[in-house]
Structures are given as structure tokens and as C-alpha cells.
Amino acid sequence: MKQPTEPTEPTDPADPTEQPLDLLHSETEEDLRAAVRALLADRAGHQAVLGRIETGDPYLPGLWKSLAADMGAAGLLVPEKLGGQGASHREAAVVLEELGRAVTPLPYLTSAVVATETLLALAEGSQETGSQETRSQKAEDREAASQEVAGLLADLASGRTVAVLAVPLSTAPGAEFPPTVPGVPASDSVPGVADAVAADLFLVPRADGLYAVPAAAATVVPQSPLDLTRPLATVTTGAGSGTRLAGPGASRAAVRRGLLAGAGLLASEQLGLAEWCLEETVRYTRERHQFNRPVGSFQALKHRMAQLWLDLVGARAAARAAADALATGRGDAPLLVAVAQAYCSRTAVRAAEECVQLHGGIGMTWEHPAHLALKRAKSDQIALGSAGRHQDAIAALVGLEPPR
Amino acid sequence: MTGAEELRVLTRKLLDEHPPAGTDRTDFLRARFDAGLAWVHYPVGLGGLDAPRALQSVVDAELAAAGAPDNDPRRIGIGLGMAAPTVLAHGSDEVKRRFLRPLWVGEEVWCQLFSEPGAGSDLAALATRAVRDDAGDWIVDGQKVWTSSAHVARWAILIARTDPDAPKHRGITYFVCDMTDPGVEVRPLRQITGEAEFNEVFLTGVRIPDAHRLGEVGDGWRVAQTTLMNERVSIGGARVPREGGMIGKAATTWRERPELRTHDLHRRLLDLWVDAEVARLSGERLRQQLVAGRPGPEGSAMKLAFARLNQAISGLEVELLGDEGLLYGEWEMRRPELVDFTGRDAGYRYLRSKGNSIEGGTSEVLLNIVAERVLGLPPEPRNDKDVAWKDLAR
């Protein structure tokens, strides 16, 4: 019988001419983290969040303005000439780490990342030569749409406007355009839209392009979400309503880029959440005594927490890799985003599940914030593409094809 | 302090004076050591220039570009990673001058006489005795085990019990042992893979001069911590390409043998591919932390992650090969000079990787270390700390 094939040299799909990934946090980023953490500790502690999640309006009053407008966090991805901070995905990722750590209800991922990145793709596309269809448009139409996009970006970057891409939260970056919703054929009614209740504006993908529809012209029907800190709603916009921002080709690419940035930075939210879960579990098991010993001194429990720490070491590297690859526009950014999602969504869920288990009965109570983390982690596992979808993307990108 | 540009100049000067093409390999390596470019963070005169450790990469890159020979770090890994830092930290000036140059150049291979049949994870329980004779030399009797490279080693780092009346951690002393002493007997230890990469070492009346003691009498446990810490830090130095380790072998088999594919294996292979890529990124992040002068505790994480991954990936690869996975290359006993984790066939990789979670500290012991030293969890109660070694139950 034939012996196994002699393996060939390892492949590296990354372009060797690209800059090495920077996987560390810079001092500026740590300063930003400290500022966001201080704000959230002051204004959005777990008890404050717990006090609002059942009201249908979980967003803490004034917090969005403080973070998005006063601190400028909403404009991190937006260049200064378009009214933003001219920072990058690396800094936005740090904000998300802190929002994940505190399980804060804020439309940051949806508005400041996904919607903003989608519009940025359109803005950059209109400055370049453009695709076939933009060339075929009348020049003044293109100019008007471009001014519209620039205006929207400035509004989003300033935090004055919250915009949400009207797709189900579960939509993966590689999803078809416009995303079809099972059971809702060819409708302008989209269920499962995250933070729709906070939106001033919807970006609506339609067959003929991407539209900007003011919330006043849409119907928003709240749903009951698993994660009470990220409200979901069904959004219905009248067919053809709103302003068309671009044709189908440019819109498809822009939506994909918005979702890719969202998936990549969601990994940082998952990282922050998992870090909190482990820290809180370690703190609790050091103090809690059973059998006349701190429960954290039992080897069976120590190994579980140490294993979780190992997973976090990986999650930190994976989330940083995705953020850095998005910031520098590396060729393997889609691969690193998929790797980060496949890994970090699993790690966050495990961290939250361990947090509940190792807190014992206390972890099952409504008063303890462990359930906020568990619900967010489980919801995040489905958000912006499940781990399986991201693994399918990896298989295609690195040439590990499934069985024929 | 020596900067990057100065190191570049010194490296080019070395290359000018000793062109790699026309220079004997050993002569070149000796010249590199004497120029202080062996390990730049070591002291002047001992192979270094007291430069920041991170700048070694500047020298290495220049030398690699010029095609200069290297000192085969895999072959002398124990000497480089464990003996050298311990000799540097605890040896006399004479000992440092005697041992470091031939160690680095590779003229003298080192091994490590730590573990014993009755003292593996509980290393401080060791029973090998060292007794001082009238001349002031030490006479060593005992047995060591799992000793890689003992059959090719010239020197060994050795810990032995010098005070059985003291508690187990306090009665140990650290020595450099001459492997050519007539009292040293090395026997191959045939392993699960069929080959004998490890050895048993029997020590009978081995004479060690007091000058070859590292650190104070009875302070060997603390000296050994230098060795063990360096063992864990030595990982993460090199940049690994994507699919650079065990996963590359499995991925290649997957790509080249479509007839072997199943949906179950596909899903599991992708899980492991993601884990391997994340482990690679974690190693890269650790390396960047070291270069930035901010070493983290992630070194022990890397060893744990790679042990689990190597075992899972090689196990999957055997399964993927199906009928061929039922076969094994050859069982003939060999005594390799190098440890080769990814070499030979999938069956070998599967069996050899079982050692990854045992050698250099078991995964269970490392998890305890992470839990206690990184996370700050309380230690388990112990009843062996203040009892004389001779009174412990065995």
C-alpha cells in the first residue's frame, strides 16, 4: 500500500511584502481604553444596566452622547477630512473591548462600525474611478450621491446620528445581496435588526442599490431578544422610499465591507466580555469558601480557569490580528477576520458559561451580571455570521475544500 | 549601550574578516562568539555586548542574509536554553569562561540530569545523593531518567540531594557533571515510538570538583528555577509562517488526497486549523511583547497550546489516512541526535506528540502554575514543605 505523501513546504497565503501584523496595544490605545473604562464604570455599571434592560429602552440616558460625541468615539474610523477622528479599526476595537467587558447597551458596533464602514466604502469608491454602473450614471447624480454619503458620514462621526444597516444581526460578511430573509419573500420588512430602536436612519440594501431611509419613514416593531442589552426589531420601509446612495455593484461591496469590519471588531467585544468573565470568576472563587477552603484552591477548578486564560491569550491575539488587518487593509484581512470570529465567539461563550457555573447558584440569579454576559456572548456567537459560516469562508480562502 | 546600527557595523566587520564562503564553520562560530555577536545580551567577553536582547534579531538577519553558518540551535538546545543562562547567573568567572564558548559554538553538547524515576513532576523529591569527600570533591550516586541527548552530551546540569535532613526544597545542590566520568553510564530508553531519543543515566561514585558547583550548597532548588524559567521563556523566539507546524502536514495531506475527505474530518480539520492559526498569532504576539521589553506570562500558554494541538492534529491525520493510518513506518530502534516532532510519518507524529504534554513540565503542572502565578488563585494545601526529606513517605 502507498505510504502517505511527503508533505510539501508550508504555505503562507499572506503577501510576504505586507507589513508584519502589530498585535500589541499602543500607549495611545491604552489611554483610550482607560478613558472609556472610566466613563463606563461611572455611568454604566452592571446595576445601572440591570435596572433598564426590561424597559424596552436599555440605552443609558446621555451615555451615547458622552462616548460617541464628547469623546469622539463614533468617528474613530472616519478620516478627519470627512469629519471624523482619523483613527482606525485598532482604536475602535479597544472601545469595543470595553463595551464588551461592561456588556454596555450602545449602538456602537451597529452605527459606528458597520454602518460607518459601509458608508466609508461608498465614499472611497466614489472618489476612485468607480465601477461600470457608476460610470454609466449621470455625473451630477454621482456627485449628489457622493455629497449625500459625505454628509451622512459626518453626521455619524459626530455621534449626532445613529444609523443602522437594515439586515438581520446574524448576517455574515459573505451573505448574498440584498440578504434574503427566510419566510419573508421579497419584502421590505427585515426582522432581527440590532439597535433599530435607537436608529435615526436605516441603510437599506435593495436589489437596485443601497438606500438611506430616515427612521421617521420606517416602521420599527421591537422583538424580544435573548440579549436584552442589544435590542432587536423588525424594520419595515416602504418600497423605493429614501435616497439611493449607490447602485447594486458598489452597494454590494460596501455592505460586505461593513459586515466584515463588524465581524472583525465583534471579536474585540467578545474578548472584553470573556476577560471580564474570567476576572470576575477568579475574584469570586478566591473569596468564596466551601469545605473550609477557598473554592479557587481546588485543582479541578484551577485547571478550568487556567484553561480559560489560555483561550483568552489566543482570543487577544486573534482579535488584535483582525483589527490590525482591517486597519492596514491587508490582503488576508478577510481570513484573519474569519479566524477571529471562529475563535473568539467560541471563547466568549465558554467564558460566560464557566462564569455562571463557577459562581454556583449565585450565577443563576437575575441580580448577578453573569447572565448579561452569557446572553450577550450567546447572541454574539450568531451575530455577523456563526463560527461555522466563518469556517466555511476559511476553507475557501486557504484551499481546504470539503469532500466532493 | 549598543544600538542597532552599531551591531550592524560589527556584524559586517565580522563578515568581512571571516567570509562565510571561505571559513571553516567552527572557526566562523568561534569568531562570532569572540566578537560578542553570539547572544548580544550576554556580557562582553562571554559572547555578548550587554546589548538589549531584542537586538539579536538585527544580527541574525544580517548573518542569515550573508549565508553565514548557524550553530544548529536544535542540536544544542538544552545547552543554549537552559545550561547557559544558569551558568551565567550562578557560575564563577572561571566556570563561565570555561563553558559558554564551546557550548554556544556547539563543540560541546549539554544534557540535563534533573528528573528521576521517583521524581518527575515532583522534581524536588529527587533522591540522587552528592556527598563531599575529604578532598572537597563531591561524590554522586543515583539514577536519572528522560535524559535527551545524554548519549551525545559532554556536560550535564545536575541537581542532587546534599542534605537529607533538610526539607526537600532546601537540601538540594546544583552541579555541572562531566558525562565522560567513568561513573556515568548512559542506557538508551526505548520509547512509545520505537526509537530511543531519551536515556536512563546511572551515576555511581561520579566525582565532581567543588569548582563545578553552581550556587551555594543547599541552594540548588533556587538555581534550578533559573533553568526552568529559561526553559519556558526560550519558546516564541522565531517567527512561524501560517501553517508552519503540525497543521501544515495535515493540511497538505488534505489537499493532496481528496479521496480521503469526509465531512466529519473537514469540520474537525477546520477547527484545528483555526486553533493552530490562533496559536501562531499568540506566539507572534508574545514575541512582539518580548521585543518591546514587555514579557508576559504567555510562554507557558504556548507550550500548553502546542501540546494539545500537536496531539489533536496528528491524531486527526492518522484517522484521515484511514487504511494507511493503520500502518507504521518502521519500528527499528534508533538513537536520534535530534528531537524531530514533525518528521517521519503521521503515526510517528501521533505517538511522539504524546510526550509534548509531559516533557518540560506536564500540562497539569503548568496549568497549576498558570492558576497560581498568573491568576493568583490560592495554592492547594501541602504537607511536604516543612518535613525533612528523609522523613517523607516514599
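From the list A:V349, A:V295, A:V337, which one is within 21 Å of B:E380 (Cα to Cα) and among the β-branched types (V, I, T)?
Numbers: A:V349 fails: within 21 Å of B:E380 (Cα to Cα); A:V337 fails: within 21 Å of B:E380 (Cα to Cα).
Going through A:V349, A:V295, A:V337 in turn, the sole match is A:V295.
One line per residue, one yes/no per condition, for (1) buried (at least 16 other Cβ atoms within 10 Å of the Cβ); (2) in a helix (DSSP H, G or I):
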position: B:R12; (1), (2): no, yes
position: B:R32; (1), (2): yes, yes
position: B:L37; (1), (2): yes, no
position: B:L63; (1), (2): yes, yes
position: B:D72; (1), (2): no, no
Of (1) closer than 19 Å to A:L259 by Cα; (2) among the acidic types (D, E); (3) at pLDDT 95 or above, A:E98 satisfies all except one. Which? (1)
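How many residues are small (G, A, S) and in contact with a helix residue (DSSP H, G or I) (Cβ under 8 Å, 6 or more places away or on another chain) when one looks only at the stretch A:216-242?
Adding up the residues that qualify gives 4.
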If you go through the stretch A:275-316, how many residues are farther than 19 Å from A:L374 by Cα, part of a helix (DSSP H, G or I) and more than 9 Å from chain B (Cβ to nearest Cβ)? 3
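Restricted to the stretch B:318-333, and to residues that are assigned to a helix (DSSP H, G or I) and at the interface with another protein chain (Cβ under 10 Å from one of its Cβ atoms), which residue is farthest from B:P258 (Cα to Cα)?
Taking the stretch B:318-333 first, the residues assigned to a helix (DSSP H, G or I) are B:318-320, B:322-326.
With the extra rule that they be at the interface with another protein chain (Cβ under 10 Å from one of its Cβ atoms), the set shrinks to B:318, B:320, B:323-326.
On the way: B:V318: 15, B:L320: 10, B:D323: 15, B:E324: 15, B:G325: 16, B:L326: 19 Å.
Result: B:L326.
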Let me confirm something: among B:G343, B:G355, B:G360, which residue is on the phi > 0 side of the Ramachandran plot, of a type outside the set (S, T, N, Q) and more than 8 Å from chain A (Cβ to nearest Cβ)? B:G360
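Could you go through the stretch B:371-378 and let me know if any residue there is away from chain A (no Cβ under 14 Å), buried (at least 17 other Cβ atoms within 10 Å of the Cβ) and in contact (Cβ under 8 Å) with a residue 12 or more places away in the chain. Even if it seems obvious, please write down each step before you answer.
Going through the stretch B:371-378, the residues away from chain A (no Cβ under 14 Å) turn out to be none.
No: zero hits.
Residues that are of a type outside the set (A, V, I, L, M), buried (at least 19 other Cβ atoms within 10 Å of the Cβ) and modelled with pLDDT of 90 or more: list the strands (runs of 3 or more DSSP E) wholly contained in the stretch A:119-208 that include at least 1 such residues.
Details: elements: A:163-165, A:189-194, A:201-206.
The strands (runs of 3 or more DSSP E) meeting that bar are A:189-194, A:201-206.
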I'm trying to understand the selection: among the residues of the stretch A:53-74, which are among the charged types (D, E, K, R) and either surrounded by 19 or more Cβ atoms within 10 Å (Cβ to Cβ) or at pLDDT 95 or above (or both)? A:K65, A:D70
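Does at least one position in the stretch B:292-315 carry a residue that is facing another protein chain (nearest Cβ under 7 Å), free of Cβ contacts under 8 Å to residues at least 40 places away in the same chain, crowded, with 19+ Cβ neighbours inside 10 Å and under 26 Å from B:F114 (Cβ atoms)? Give the derivation first.
Narrowing the stretch B:292-315 to residues facing another protein chain (nearest Cβ under 7 Å): B:292, B:298, B:301, B:304-305.
Retained after the next criterion (residues that are free of Cβ contacts under 8 Å to residues at least 40 places away in the same chain): B:305.
Adding the requirement that they be crowded, with 19+ Cβ neighbours inside 10 Å leaves B:305.
If we keep only those that are under 26 Å from B:F114 (Cβ atoms) too, we end up with B:305.
Yes: one or more hits.
Residue by residue, here is whether (1) buried (at least 22 other Cβ atoms within 10 Å of the Cβ); (2) under 22 Å from the mean Cα position of the chain (by Cα) holds:
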site	(1), (2)
B:R161	yes, no
B:I172	yes, yes
B:D178	no, yes
B:P182	no, no
B:E200	no, yes
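Please report, ordered by residue number, the helices (runs of 4 or more DSSP H) entirely within the stretch B:184-291 with at least 2 residues that are at pLDDT 95 or above and within 14 Å of chain A (Cβ to nearest Cβ). Break it down into steps so the answer makes sense when it comes.
Values: elements: B:220-233, B:246-256, B:263-291.
In the stretch B:184-291, the matching helices (runs of 4 or more DSSP H) lie at B:246-256, B:263-291.
Yes/no matrix, rows are residues, columns are (1) in contact with a Lys or Arg (Cβ under 7 Å, 6 or more places away or on another chain); (2) under 23 Å from B:E216 (Cβ atoms):
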position: B:V87; (1), (2): yes, yes
position: B:S92; (1), (2): no, yes
position: B:E108; (1), (2): yes, no
position: B:A119; (1), (2): no, yes
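Residues being buried (at least 19 other Cβ atoms within 10 Å of the Cβ) and either in contact with a helix residue (DSSP H, G or I) (Cβ under 7 Å, 6 or more places away or on another chain) or not in a strand (DSSP E or B) (or both): count how many of those fall in the stretch B:125-144.
3
The values are calculated or read from the model by the stated rules, or taken from the named source; none is laboratory data. Remember, predicted model here, so these are calculated numbers, not experimental data. A quick note on method: Cβ atoms are made from the backbone with ideal geometry, for glycine too, and the neighbour counts reach across all protein chains shown.
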